[in-house]
Amino acid sequence: MNRRKRALALLVSLALAVAAFSGCSDGPGENRVFPSNRGEERECELTFFGFKYEALNVTAIEDALHGYMDQHPETNISYDGIKSPEYFEVLSKRLATGNGDDIFMVDHERALELGAQGKLADLSDLSTLDRFSGLAKSQMYAGDTLYYIPTSISAFGLYCNLDLLKEHGQMVPENLAEFEAVCDYFVGQGITPIVANNDISLKTVAIAKAMLPVYQSEDPVAAIGRFNSGEANLAEALRPGFSFVEEMLSRGWVDREEARDTAKTKDDLVLFAGGERPFMLTGAWATPRLRECSPDFSFEVRPYPIAEDGSVLVVNVDTRVSVNADSPHLEEAKRFVEYLTQPDALWEFVDSQSSFSPLDENRLAEDKAIQSIGPYLTNGRCVLGADDNLQLPIWDVTRQCIAGMLEGDSAESAVSRMEELISQ
């Protein structure tokens, strides 16, 4: 059997094996090892470790591996994927015991932590760097050393059940007044309008509401720098966001107890797929998993309609790939990352995640449900959820503050809690 046939057979088996662990199933994201060309001896053996384990994502990764090996027959690469947050525990143990992979995925927190420990190679000499967009470069070059390469831009949005809205004579909201009107309408009908999870839903709304003025200021980087120096108070800056979340809860747009117990891209998808709720707040990248739940209605994902003059999009420069500084195949590993960030190789991976490209290109997402989000990446109404220029852990502490609000904390208490967490 030649390499292409082996690859095809492998990908089919992957799709079947992983399907049980994605979408609306109750199974956890278990460790899956995906060999590339076992049995073929190569001069260089590379391992790639990541938190992407869904069938579509892995298929795209495998295509990239085989594409690279076609050009570099001396190299063999295998990919190992585990669902986060377990992934980061395993990554930490592997690196601590000297068994780290040659290439692995990181998030903002781990990029800072592992970079400071000298565990990440400097990637500033890769030839593909000029191809990245201004948005991606604003994050990649936030520090003194380039420790990771982003392979996607993930977005967070408002999922809209188009059929239910039409049935009730309601329109997809485009601004705050329209959002308030449609949510209050459904509350009046005895329907809690928004499905929210206990992780990214209300956190990203709070960040969007509070931080849009920062990103629309004359010099956003300078404004963020004032948070780092203490000249400006980040917790106070988030007050409008926490106040808006408090209003959403008090007006019955979100069920506090339900959200507290709703897991991200699992329980929330099941609730929304039932077809009785007009909205859901979660990542746009969850659209393939929502479809696996077989919803009997049409849906779209829109930016958050929470500003008086329109909507706001929250994004993260995401799926960050780093190279182990202690890899015995350092140059070969960097060469693969360079290949992965070429337009065609990267686009398949980006599109498999229903995300957007970090490269300076204008390809339209194939997933029609998320196409309305695209223009917000460049129209001045985009907010970064976890900005590399911000040296304070806004992503994590905001989540903890929202968790407190789901337990009954007020917006004032959330601000106080955030100040305490930041001081620690």
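For region 51-59, the count of residues that are open to solvent by 30 Å² or more (accessible area, probe 1.4 Å) and over 24 Å from the mean Cα position of the chain (by Cα) is zero. Taken as a whole, the condition of being over 26 Å from L114 (Cα atoms) and without any contact (Cβ under 8 Å) to a residue 60 or more places away in the chain applies to P73.
Candidates S410, S372: the one that is modelled with pLDDT of 95 or more and of a type in the set (S, T, N, Q) is S410. Considering region 342-360, and only residues there that are over 18 Å from the mean Cα position of the chain (by Cα) and touching a residue at least 60 places away in the same chain (Cβ under 8 Å), the residue that is most open to solvent (accessible area, probe 1.4 Å) turns out to be D360.
For region 181-220, taking the residues that are touching a residue at least 40 places away in the same chain (Cβ under 8 Å) and of a type in the set (D, E, K, R), the one that is least open to solvent (accessible area, probe 1.4 Å) is identified as K203.
Conditions (1) at pLDDT below 95; (2) open to solvent by less than 10 Å² (accessible area, probe 1.4 Å); (3) of a type in the set (S, T, N, Q); (4) closer than 27 Å to G274 by Cβ, marked per residue:
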| position | (1), (2), (3), (4) |
| --- | --- |
| P288 | yes, no, no, yes |
| S294 | no, no, yes, yes |
| F297 | no, no, no, yes |
| Y304 | no, yes, no, yes |
| D309 | no, no, no, no |
| V312 | no, yes, no, no |
| S322 | no, yes, yes, no |
| S327 | no, no, yes, no |
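Does I82 qualify as being surrounded by 21 or more Cβ atoms within 10 Å (Cβ to Cβ) and under 29 Å from L290 (Cβ atoms)? Yes. In the set G134, G118, G100, only one residue is among the small types (G, A, S) and either under 22 Å from S201 (Cβ atoms) or open to solvent by less than 40 Å² (accessible area, probe 1.4 Å) (or both); that residue is G100.
The values are calculated or read from the model by the stated rules, or taken from the named source; none is laboratory data. Nothing here was measured: the structure is a model prediction, and the numbers come from that model. Because the Cβ atoms are built from the backbone with ideal geometry, glycine has one as well, and the counts that use them run over all protein chains shown. SASA here: full protein model, heavy atoms, side chains in, ligands and nucleic acids out. Shrake-Rupley method; radii C 1.70, N 1.55, O 1.52, S 1.80 Å.
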